[in-house]
Protein chains: 2
Amino acid sequence: MAVEAHKSKIKSAPDKFKIAQFGLGMIGIEALRLAAGKPWIEVVGGVDIDPSKAGRSLASFTGIDSHQHCKVFPTFDALCNAAEPDVVLHTAGSKAGETFDQIEPMIRAGVSVSSTCEELLYPQLREPERSAQFDALCREFGAGVVGTGVNPGFVMDLLPVCLTGVSRSVESIYVQRIVNASTRRMQLQKKVGSGMDPRQFRELFRAGKAGHAGFRESAALICHCLGWEVEQITESCEPVIADHDIKTEFFSVKAGLTCGLHQIVEAHVIGRGKPLTMDLQMYLDARDPHDAVRIKGEPMLDVRINGGVAGDHATVAALVNVIPRLLRAGSGLHLMTDLAVPSFA
Amino acid sequence: MAVEAHKSKIKSAPDKFKIAQFGLGMIGIEALRLAAGKPWIEVVGGVDIDPSKAGRSLASFTGIDSHQHCKVFPTFDALCNAAEPDVVLHTAGSKAGETFDQIEPMIRAGVSVSSTCEELLYPQLREPERSAQFDALCREFGAGVVGTGVNPGFVMDLLPVCLTGVSRSVESIYVQRIVNASTRRMQLQKKVGSGMDPRQFRELFRAGKAGHAGFRESAALICHCLGWEVEQITESCEPVIADHDIKTEFFSVKAGLTCGLHQIVEAHVIGRGKPLTMDLQMYLDARDPHDAVRIKGEPMLDVRINGGVAGDHATVAALVNVIPRLLRAGSGLHLMTDLAVPSFA
């Protein structure tokens, strides 16, 4: 059986890992470019559901010579018949449920998955039953899965958790990230609502169609790691209103319209009140962009990343850097915090 | 065989882990106090080679009621005949070679070890052959070993490594730690040379009897994780000279005498020049104590811990927090960076 032939890839440690890319958007293409420079990676192909992309060579997206012979397939099964990847880089969605649907064929083929799907950071939050089933499926077919990225995946969740490794006690955690969206790619400027009517932005957020994805997951992951029993995670998101006309490479925003978002998540924990607050601000012309983690406890920890961690480069890096750690972790639906300490690979 | 009976402890996941403390100095006693508050730990005894300590109850050191029935034994074997620990917290030395001697009986009894031994952070640096033998021994007897702490073990090594998890490229790393020794315990003030004649301090450093231990190990661990092939690690240490009379709780230092140390380690890496510089300053009345990590690469990362991570609390916390991750990692001589992401436990 083909499935049998694919099984247990994660137990072997070949010189090169065979990587396929699922989703040829900007992040996927950048991941392929980064992978091309890694001597331990062999890129074997791509998958995209867009029919205009299938059949083309990956080089036509990445501009990289060594990708000439790598084709884009319309489905994972088609790719899998032609090439035999060890790992798929999945960059095609934010919802855990949809991602489970997309990656199930990979798991059944014994192929591991590193994904930027935001909800996959802590899929137990929205899909507890399916996560348990999926973990069992991963173990049955010998595949490992992890959701990663810079946010969620690092700055506002893994990093605070990592810092508590030197904590005798943790009373409360405050995490803040302020991103100057003017310096970021078009998609991010769009995502934060640039140019939108503030009322419309609020409506879209209420409908689950605007705002930063995976924020509750970040909070849930921190609580999980600290053994905090979550009563409720609350989330709010307000538009940031431009106080002057703003012009970026991609948008012109008149004063009074939305130029970004201010999103807050709080975790209510049984017996502890609200020990976790996370504050995310992403807007055009934001001053003093930075990431900050403040942990009240023993010892007190006051960490600041000046300028913040730039999202796009870092997300792509996280996606690729996790591969060796994911394969070493063996089969299962993993959390980033279960894997070995992050590292450049 | 007793050895057989002890084997494979790390595979079971009991409700409580049985912990013994090896070394009843200040850090060991604090570790026991911290452990006493953890519902997942049962303290079963202690070991100290000081004959005046053997036979006493741990409670006479910790002041904790539940330690009344826990005895201090003169050797690990004596303890092991009376109690059956899953993990030993080892806080009795800085040298990898001496620590290997001390913990070998534990390994042969299948008991895992979390140690503050500075050189155990990366024992391959000074004891490459013995480290390989010891790793094999660990696997044979089903025990896990790790060297941990705050520095080495976190601030100047694990944290920079962790940050590179979101790096597309890493050109160079600069790590700085400035500790105001006036706020620290007597042993640290003594260790940094407080009150010493500067010439004498330099001689002691040259003889390997002064200075911060494990600094080269921190550098070697970072290079190991980044795949940098080390040509040479150079280390210098100069006394910081008091420019005014300084009085702490423990020392009076006249102007002109040593009030601390300034230690620098650089890693020379094949094909990369000197991409890693680590700068440690620990002295009395230091202004603006902080930890900093600056990574030149894509993205640029500029991280600062205001006030720095206070050493003593954090070392004890690291020692205890690592236990569940150590046991989950299975048998072997582990590096902190091989284990799961640090977390409060």
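Annotations for the structure displayed:
- Here is the figure for region A:187-232: residues that are outside any helix (DSSP H, G or I) and touching a residue at least 60 places away in the same chain (Cβ under 8 Å) total 9.
- Scanning region A:242-263 for residues that are part of a strand (DSSP E or B) and crowded, with 16+ Cβ neighbours inside 10 Å yields a count of 8.
- B:V179 within 14 Å of chain A (Cβ to nearest Cβ) and within 16 Å of B:T277 (Cβ to Cβ): no
- Candidate set from region A:26-64 (those that are assigned to a loop (DSSP other than H, G, I, E, B) and on the phi > 0 side of the Ramachandran plot); member that is nearest to the other protein chains (Cβ to nearest Cβ): A:G63
- So A:G332, is it more than 7 Å from chain B (Cβ to nearest Cβ) and in contact with a strand residue (DSSP E or B) (Cβ under 8 Å, 6 or more places away or on another chain): yes
- Residue match in region A:151-167 (condition: at positive phi and under 19 Å from the mean Cα position of the chain (by Cα)): yes
- Within region B:12-23, none of the residues are out of contact with any Leu (no Cβ under 8 Å at 6 or more places or on another chain) and either among the hydrophobic types (A, V, I, L, M, F, W, C) or in the same structural domain as B:F215 (by TED's automatic domain parsing) (or both).
- Residue match in region B:289-301 (condition: without any contact (Cβ under 8 Å) to a residue 40 or more places away in the chain, within 14 Å of chain A (Cβ to nearest Cβ) and within 25 Å of A:V303 (Cβ to Cβ)): yes
- Here B:S182 clears all of (1) farther than 21 Å from B:K95 by Cβ; (2) under 18 Å from the mean Cα position of the chain (by Cα); (3) of a type in the set (S, T, N, Q) except the condition numbered (2).
Residue-by-condition table, conditions (1) in a strand (DSSP E or B); (2) farther than 21 Å from B:V230 by Cα:
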{"residue": "B:E129", "(1), (2)": "no, no"}
{"residue": "B:C138", "(1), (2)": "no, yes"}
{"residue": "B:V146", "(1), (2)": "yes, yes"}
{"residue": "B:V150", "(1), (2)": "no, yes"}
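- Among (1) more than 7 Å from every other protein chain (Cβ to nearest Cβ); (2) assigned to a helix (DSSP H, G or I), the one test that A:V316 misses: (1)
- Search result, residues across region A:67-114 that are of a type in the set (G, A, S) and either within 17 Å of A:L24 (Cα to Cα) or modelled with pLDDT of 95 or more (or both): A:A78, A:A92, A:G93, A:S94, A:A96, A:G97, A:A109, A:G110, A:S112, A:S114
- Looking only at residues in region B:302-313 that are buried (at least 18 other Cβ atoms within 10 Å of the Cβ) and assigned to a helix (DSSP H, G or I), the one that is farthest from the other protein chains (Cβ to nearest Cβ) is B:G311.
The values are calculated or read from the model by the stated rules, or taken from the named source; none is laboratory data. Not measured: the values here are computed from a predicted model. Every residue, glycine as well, gets a Cβ built from its backbone with ideal geometry; the counts of neighbours run over all protein chains shown.
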